[in-house]
Amino acid sequence: MAETYMQRALSRASAVPGRNVDVAFEMTLLLLAQGETESAKITAQRAVELSTEKNRAACYNLLARVEHQLADAAGAETHARHALAAIADEADLVEAANAYRLLGELAMTSGRQDESVQFFKEALTRDKVAGISPRIAGDLRFLARLANAAGNSPEAINYWHRAFEVSLSGGDRKAALEDLAAMAEICRKSGDKVQTDALERQRLELSGEDSGALSP
C-alpha cells in the first residue's frame, strides 16, 4: 500500500521539475518512521536515481541509512562512501559528517575499532565546524564508548565530559544527566568511590533530586 502511494506521489510530482526526488526522499523518511524498511529501500533507491549534483550525497546517505537498518553492512558502507565521493571538496559539511558517522558505526559493529575512531573523529571535526551541538555530543559519546571498550577509562571519561558540557550548554539536560551517569558508572567499575560519588552528586543536583544521602 505504501509503495502504491509513493508511485502516485511521484507521478503527480513529475510535472514539477526537481520535486519528484523530494517526494521520494520524504516518502522514505515516512516509511522508516512506520517501520516499513523494505519499502523504504525502494523509495531511497528511487531518490538516488532522481538525484542531482546538489542532493546526491543526501540521497546516498539516506539509502545507506536504510541499508544499515536492514543489516546490509556492505551496501550501507558502499553508499556512505558514494555520498562522500558526491560532495565536491566536502562543501556539504552536514552530509559529509553523516557519511563518516555511519561509516564509524559500521566499523564499530564489525570490530574495526581503530577505523571507527578515525571515522567518528572525521564526523566530529565537520559537526564542530557546522556548529550542530546534538551531533557534536553524539560523536563524542561514540568516541567515549570506543575508548571505554578499549579499556581506556580516562579517555572515555574525557569524551563523555565533553559531551556533557556540549549538551548542558545546548540546553539538553536529559542528555547531560545521562552523560554524568555514564561517567559515574565507569568510575564505579574502576573502584573510584570518591569520583563516583562526586559525579552522582552532580547528577542529583542537576536533576533537582536530594543528594544528601551521598554526603560523607
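The values are calculated or read from the model by the stated rules, or taken from the named source; none is laboratory data. Owing to the predicted nature of the structure, the values given are computational and were not obtained by experimental measurement. Neighbour counts run over all protein chains shown; Cβ positions are idealised from the backbone, glycine included.
In this structure, is Arg12 assigned to a helix (DSSP H, G or I), at pLDDT 90 or above and either surrounded by 14 or more Cβ atoms within 10 Å (Cβ to Cβ) or at negative phi (or both)? Against the criterion (assigned to a helix (DSSP H, G or I), at pLDDT 90 or above and either surrounded by 14 or more Cβ atoms within 10 Å (Cβ to Cβ) or at negative phi (or both)), Arg12 does not qualify.
The condition of being within 22 Å of Glu165 (Cα to Cα), among the hydrophobic types (A, V, I, L, M, F, W, C), in contact with a Phe, Trp or Tyr (Cβ under 9 Å, 6 or more places away or on another chain) and part of a helix (DSSP H, G or I) holds for Ala123.
Residue-by-condition table, conditions (1) surrounded by fewer than 23 Cβ atoms within 10 Å (Cβ to Cβ); (2) at pLDDT 95 or above; (3) more than 30 Å from Val21 (Cα to Cα); (4) within 14 Å of the chain's Cα centre (by Cα):
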residue: Leu62; (1), (2), (3), (4): no, yes, no, yes
residue: Asp89; (1), (2), (3), (4): yes, no, no, no
residue: Leu106; (1), (2), (3), (4): yes, yes, no, yes
residue: Glu122; (1), (2), (3), (4): yes, yes, no, yes
residue: Ile132; (1), (2), (3), (4): yes, no, no, yes
residue: Ala137; (1), (2), (3), (4): no, yes, yes, yes
residue: Leu146; (1), (2), (3), (4): yes, yes, yes, no
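Of all residues in the range 126-152, those that are touching an Asp or Glu at 6+ places or on another chain (Cβ under 9 Å), of a type outside the set (A, V, I, L, M, F, W, C) and farther than 13 Å from Ser167 by Cβ total 4. Scanning the range 180-190 turns up one or more residues that are over 30 Å from Asn98 (Cα atoms) and crowded, with 18+ Cβ neighbours inside 10 Å. A Cβ distance below 6 Å, combined with a sequence gap of six or more or placement on separate chains, defines the contacts here; from the range 134-161, residues that are acidic (Asp, Glu) reach residues that are crowded, with 19+ Cβ neighbours inside 10 Å in the pairs Asp139/Phe120; Asp139/Ala123; Asp139/Leu124; Asp139/Asp127; Glu155/Ala147. None of Glu95, Glu38 is of a type in the set (Asp, Glu), surrounded by 15 or more Cβ atoms within 10 Å (Cβ to Cβ) and farther than 23 Å from Ile157 by Cα except Glu95.
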